[in-house]
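Novice: Provided herewith is a single structure, encoded as C-alpha cells, for subsequent inquiry.
The values are calculated or read from the model by the stated rules, or taken from the named source; none is laboratory data. Since we're looking at a predicted model, the values are computed, not measured. Counting neighbours? That spans all protein chains shown, and the Cβs are built from the backbone with ideal geometry, glycine included. The area values use the complete protein model at the heavy-atom level, side chains included, leaving out ligands, DNA and RNA. Shrake-Rupley method; radii C 1.70, N 1.55, O 1.52, S 1.80 Å.
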Amino acid sequence: MEELGRLEERVILIGVQTAAEDNVLDSLDELEELAETAGAVTVGRIIQNREAVHPGTYIGKGKIEEVRSLVYVMDATGVICDDELSPAQLNNLERELDCKVMDRTLLILDIFAARAVTSEGKIQVELAQLRYRSARLVGLRESLSRLGGGIGTRGPGEKKLETDRRLIRTRISALKQDLAQVEKHRELLRTGRARGKVKTAAIVGYTNAGKSTLLNKLTGASVLSEDKLFATLDPTTRILNLKDGQQILLTDTVGFINKLPHHLVEAFKSTLEEAKYADYIIHVVDASNPQAEMQIHVVYETLKELGVLGKKIITLFNKQDAPGAAVLRDFKSDYSLKISARTGEGLDALNDLLEKLLTEELIYVERVFPYQEAGKIQLIREFGQLISEEYTESGIAVKARVPREIYPQVV
C-alpha cells in the first residue's frame, strides 16, 4: 500500500481527560490509527487530567514542559491534539513547543484530501479545509515556514493560506457555487430514482466497519475496501437484484467517526443526505472492535444531527469471522443480523429480510385485465411482482403485488 503521507512524520499525541467517563486512551488509539493513515508514526503519548481544557494552550504549563522535553528526546516533528483547537490554542502551542501543532480535525481533513477522488469529493474537502483554515489565518504566517510537507498541507496548500481573507472568501464562494451544481445533479438523480419506484437503502456505519466490502459482496461493485480509516470517501450507488426478482438501490456513504469535525459534516451534507432520503438504513457495525458500542452511539448521534429520522434500520453486526467478535445488541434498530461481508456469512438472511421489507410495501392485486389494457401488466412487470398471468377469453387473469404508488394505475 502506497503511503498517504509525502514524508514520514514522527508525532506525539496529546489528550485531555476532563471527566471520569471520558475514555481518552481509546480515543488516542483511534487518533494513532488516523495518524498512521495519514502517514505519520506515533512516538509518544501524553494525557493530562484537568477539570476543563486550558483555554489558551489546551494543556497546562507543566504539561507543556513535559511535551517539549518528549519532542526533543523522541526527535518528533510535531504534536497532534485529540480535540479541535481554537486559533489561540494552536498559535500559543506552536510558539511554546516550537514545532508543528495539529489537531484531530486537521488530521481528518488531511486524510479526506488524500482520499477524495471525484470532483465532488475534492470540492467538499477543499471547502472544509478553507473554512477551517480561514479562522486560523491570523498568526499562522510565521509558522508556515515550519510546516514544510506532510500532514496538514494537502488540498489548498500553503499558497492559499498566505492569501488574505478576501481571497479565501472568494474561493469559498466559488466552491459553494460548484457544490450547489453538484447537489442539483444529485437531486435530479434522486428524483429519477423516486420516479422509477425503486426503493433505496443507505449503508451507514463507523469508518472501517466494512460498508464498502458489503456493497462489493452484494452487488459485485469494485469499490476500494481496505483495513484503513476512511478508505472510501465518495458515495457509490449500485442496484442489488434480490433472489425473488425485486431490486433495491444500495448507496455506500462516508464513514462516521467520533468527534467528526463540524466543517466536514457541513461540507459533506449533500453526500451524507443520501441517508436522509433513503427508504431504509443499513447500519454496519464492526462486531470485532472493542469500541463497537461507542461507535454505534456515534453513528446514531450523527444520523440525528443529519435529521435522519423515522427510517427502518437494519443493523448488521459484521466481521463475525474475526477473532473477538462480540455478542452485541442494538435496541434502536428494527432488525439485526450477524454477518461477515468478507466471507458472505449471513448475507442470505439479509437478502430474505430485504425481500420481506419490500414485499410489505406492495399491495396484492388479483384481477382480469381486458386485452386492450395489457399495457398495465407491463407496468406491473416493471415496478412490481407478477406472480401469475393466465390468458382467458375475457382477458388476462393476473395475480401480482404492486407498489402503493402505482396501485391506482393498475386497478
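Novice: Under 5 Å between amide H atoms, partner at least 5 residues away or on a different chain: which partners does Val308 have, H built in plane at 1.01 Å?
Specialist: Those qualifying (amide H under 5 Å, at least 5 residues apart or on another chain) number zero.
Novice: Taking H as built 1.01 Å from N, whose amide H comes closer than 5 Å to the amide H of Asp103, not counting residues under 5 places away?
Specialist: Under 5 Å from the amide H of Asp103 lie the amide H atoms of Cys81, each far enough along the sequence or on another chain.
Novice: While we're looking at this one, here's another question. Do any trypsin sites (Lys or Arg not before Pro) in the range 319-411 lie in a DSSP loop with no more than 16 other beta carbon atoms within 10 Å, and if so, which? Each step should come with its number before you reach the end.
Specialist: Details: sites: Lys319, Arg329, Lys332, Lys338, Arg342, Lys356, Arg367, Lys376, Arg381, Lys399, Arg401, Arg404; in loops: Lys319, Arg329, Lys332, Arg342, Arg404.
Passing both the DSSP loop test and the Cβ count: Arg329, Lys332, Arg404.
Novice: Here's a follow-up. If you stretched the chain out fully between His297 and Arg169, how much longer would it get, using 0.36 nm times the residue separation minus the C-alpha to C-alpha distance?
Specialist: My answer for the length gained is 42.5 nm.
Novice: Tell me which GluC sites (Glu not before Pro) from the range 30-78 have a DSSP coil assignment and no more than 15 other beta carbons within 10 Å of their own. Please report the intermediate quantities before stating the final value.
Specialist: Details: sites: Glu30, Glu32, Glu33, Glu36, Glu51, Glu65, Glu66; in loops: Glu51.
For GluC sites (Glu not before Pro) across the range 30-78 that sit outside H, G, I, E and B with at most 15 neighbouring Cβ atoms in 10 Å, the list reads Glu51.
Novice: Which one of Ile314, Leu379, Leu358 has its Cα pushed farthest toward the positive end of the charge dipole of the range 303-411, where Lys and Arg give +1 and Asp and Glu give -1 at the Cβ?
Specialist: Ile314
Novice: Determine the order of Glu8, Glu126 by accessible area, beginning with the largest, at a probe radius of 1.4 Å.
Specialist: So the residues, ranked largest to smallest area, are Glu8, Glu126.
Novice: Related question: Can you sort Tyr72, Tyr364 by 1.4 Å-probe accessible area, starting with the largest?
Specialist: Numbers: Tyr72 190, Tyr364 110 Å².
Per-residue accessible area, sorted high to low, gives Tyr72, Tyr364.
Novice: A further question follows. So with the 1.4 Å probe, I'd like the accessible area per residue for the range 326-388, rounded to whole Å².
Specialist: Numbers: 3680 Å² over 63 residues.
With all protein chains present, the range 326-388 gives 58 Å² per residue.
Novice: Then there is this: FRET efficiency for Glu66 and Ser336, Cβ-Cβ distance as r, R0 = 30 Å, nearest 0.05?
Specialist: According to the calculation, E is roughly 0.10.
Novice: Compute the label zone of Asn351 within the range 287-329: residues whose backbone N is under 20 Å from the point 7 Å along Cα-to-Cβ.
Specialist: 314-321
Novice: Only loop residues by DSSP count here, and only those with at most 11 other Cβ atoms within 10 Å; note down the GluC sites (Glu not before Pro) in the range 339-411 that meet that. Numbers along the way, then the final one.
Specialist: Working: sites: Glu345, Glu355, Glu360, Glu361, Glu366, Glu373, Glu382, Glu389, Glu390, Glu393, Glu405; in loops: Glu345, Glu361, Glu393, Glu405.
Filter output for the range 339-411: Glu393.
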